[in-house]
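The values are calculated or read from the model by the stated rules, or taken from the named source; none is laboratory data. Treat the numbers as computed from the prediction; the structure is a model and nothing was measured. In this analysis, Cβ positions are derived from the backbone assuming ideal geometry, glycine residues included, and neighbour counts consider all displayed protein chains.
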Amino acid sequence: MEIQKNPLEIVEWTLQVTNQHNEWRLRKTINLIASENVMSPLAMSVYLSDFEHRYAEGKPFKRYYEGTQYIDLLEDAANSYFAKLVNATYADTRPVSGTISNAAIFKALAQPGDKALIAPVQAGAHVSHTRFGTLGALGIEQVDMPYDEQAMNVDTDKAIKMVEEIEPKFIVLGGSVYLFPHPVKEIAEAAKTVGAKLVYDAAHVLGLIIGKAWRNPLEHGADVLTASTHKTFPGPQGGAYAVTDDKSLYKKIYKNLFPNFVSNHHLHRIPALLVTMAEMEAFGEAYAQRIVENARRLAESLAARGFKVVGEHLGYTKSHQVLVDVRRQGGGYRAAKMLLEANIIVNKNLLPYDPPDAIKDPSGLRIGVQEVTRFGMGPSEMDVIAEFFEKVLIRGIPVDRVANEVSEFRAQYIDIHYAFKPDDVSVKYIGPLSLIR
Ligand SMILES: *Cc1c(COP(=O)(O)O)cnc(C)c1O
């Protein structure tokens, strides 16, 4: 981009574009990206603080920097609270993203040249689990577990045999595109027999786990849970991990994160994370239950309107996601673009039976209902959303007409649910802007 504006104009332009984005995403569009969410007003307000300027290398209360006494309190509390919510003994909220969390864990568990066994891409593996991402960057060899097309899942029996044959250093379950829980218990038992650690990547399903709508992998034998804090868990963008009661494993990962993968750990996330954790303790069960109910309803409603929804024989979904095969509607690329023009945001996605090179125009759409649920939508609103899909992709109603209908509908849902309201709390958050000029 050629910059032709003067400095003041650049500031004005930046504010204007950001204003446009905020209004568009928070008032006009239905966001169905499965990896996103919005913070509560309280979490969002405390996200803006002086912590965004500071460093705190080292452990709470044992830092390399001075001036950290308040972040010490908050970070120590955040680590303990995260551990409590996922029923672990140890946790660390310093990873600035899920990928960074995975990097610290993978590096702690294997040397270059060692093998890691991962869920296959058809079962939803994230790029960080593969040779094209973090695993590859660390020189760890990726071996895929076999996939069971009928069960739409890891092939448990074959995977167990593979664990015994390959003797990997670690195994990764959990993913980015999956409708049904992976077989944690069975794989954990096999892992134990060969001394491999089982890592469960809960980036997508952390909110469902804390809300008890998804099996907690740590209660089924996983050694480490790694996650993003901004997908079904509606907190600030960031990462975290938790470890059962293996203190030496925890220490090993902890020492790998800093200095290998973070220096400053974006301290301003921590207060917002604490507020979100408290909200999830208070409201998470209702939220998670409603998410799963909505996902299923949206799947049924889309199927009733003539869409080919993936996983029909298994009841469509047990997660926050719905996968739709839109080959009959012109393919994933075209369908996602048409929906965008109608103010509905989804991403095109490979379906389990797509060849990997179909990535530019895959057969499917991945839909997540966690954000619309957060804005108070329930099963009847899922029917409305399914009807918008039908209008755009099946009935061919002009997209600009549907776009207006979508915005009018969306503008009715601006209250964030499953969260404390600023009036509920007896402390007024002041924020940094009133302290500087
Ligand atoms: C999103 C995702 C990640 C990466 O998370 P970031 O916070 O974006 O780095 C890791 N693993 C899985 C399974 C994911 O879906």
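Take the conditions closer than 22 Å to T68 by Cβ, assigned by TED's automatic domain parsing to the domain that holds A125 and hydroxyl-bearing (S, T, Y) and apply them to Y250. Does it pass?
On the way: closer than 22 Å to T68 by Cβ: yes; assigned by TED's automatic domain parsing to the domain that holds A125: yes; hydroxyl-bearing (S, T, Y): yes.
It is true that Y250 is closer than 22 Å to T68 by Cβ, assigned by TED's automatic domain parsing to the domain that holds A125 and hydroxyl-bearing (S, T, Y).
Please pick out the residue among K115, K192, K161 that is of a type in the set (K, R) and out of contact with any strand residue (DSSP E or B) (no Cβ under 9 Å at 6 or more places or on another chain).
Exactly one residue qualifies, and that residue is K161.
For segment 198-252, give me the residue count where each residue is out of contact with any helix residue (DSSP H, G or I) (no Cβ under 8 Å at 6 or more places or on another chain) and of a type in the set (D, E).
Looking only at segment 198-252, we keep the residues that are out of contact with any helix residue (DSSP H, G or I) (no Cβ under 8 Å at 6 or more places or on another chain), and these are 204-206, 218-219, 230, 245-248, 250-251.
Imposing the further condition that a residue be of a type in the set (D, E) reduces the set to 219, 245-246.
Qualifying residue count for the region: 3.
Take the residues in segment 217-268 that are under 17 Å from Y90 (Cβ atoms) and of a type in the set (D, E, K, R); name whichever of them is surrounded by the most Cβ atoms within 10 Å (Cβ to Cβ).
Ranking the qualifying residues of segment 217-268, first place goes to D223.
Return yes or no: is W24 away from the ligand (no atom under 16 Å from the Cβ), over 23 Å from the mean Cα position of the chain (by Cα), surrounded by 11 or more Cβ atoms within 10 Å (Cβ to Cβ) and of a type in the set (F, W, Y)?
Judged against the criteria, W24 is not a match.
So which residues in segment 354-413 are among the aliphatic types (A, V, I, L, M), modelled with pLDDT of 95 or more and over 25 Å from V205 (Cβ atoms), if there are any at all?
V384, V392, L393, I394, I397, V399, V402, A403, V406, A411
Name the residue that is surrounded by the most Cβ atoms within 10 Å (Cβ to Cβ), counting only residues in segment 333-368 that are hydroxyl-bearing (S, T, Y) and in a loop (DSSP other than H, G, I, E, B).
Once the filter is applied, the top-ranked residue is S363.
Determine the pairs where a residue that is surrounded by fewer than 16 Cβ atoms within 10 Å (Cβ to Cβ), located within segment 35-58, has a partner that is assigned to a helix (DSSP H, G or I) and modelled with pLDDT under 95 with Cβ atoms under 7 Å apart, the partner being 6 or more residues away or on another chain.
Correct list of pairs: P41/P422.
Are any residues in segment 83-122 out of contact with any Lys or Arg (no Cβ under 8 Å at 6 or more places or on another chain) and under 20 Å from P183 (Cβ atoms), and if so, which ones?
Residues satisfying the conditions are V86, N87, L117, I118, A119, P120, V121, Q122.
Does Y241 count as more than 14 Å from the ligand (Cβ to nearest atom) and of a type in the set (F, W, Y)?
Against the criterion (more than 14 Å from the ligand (Cβ to nearest atom) and of a type in the set (F, W, Y)), Y241 does not qualify.
Contact list please: Cβ distance under 8 Å, first residue in segment 172-185 and within 14 Å of the ligand (Cβ to nearest atom), second residue among the acidic types (D, E), pairs at least six apart or on different chains.
Here the result reads V172/D201; L173/D201; G174/D201; G175/D201, each pair linking segment 172-185 to a residue that is among the acidic types (D, E).
If you take the residues in segment 174-208 that are farther than 22 Å from A103 by Cα and among the aliphatic types (A, V, I, L, M), which one is surrounded by the most Cβ atoms within 10 Å (Cβ to Cβ)?
L208
Take the residues in segment 300-312 that are free of Cβ contacts under 8 Å to residues at least 40 places away in the same chain and assigned to a helix (DSSP H, G or I); name whichever of them is surrounded by the most Cβ atoms within 10 Å (Cβ to Cβ).
Taking the candidates together, the pick is E300.
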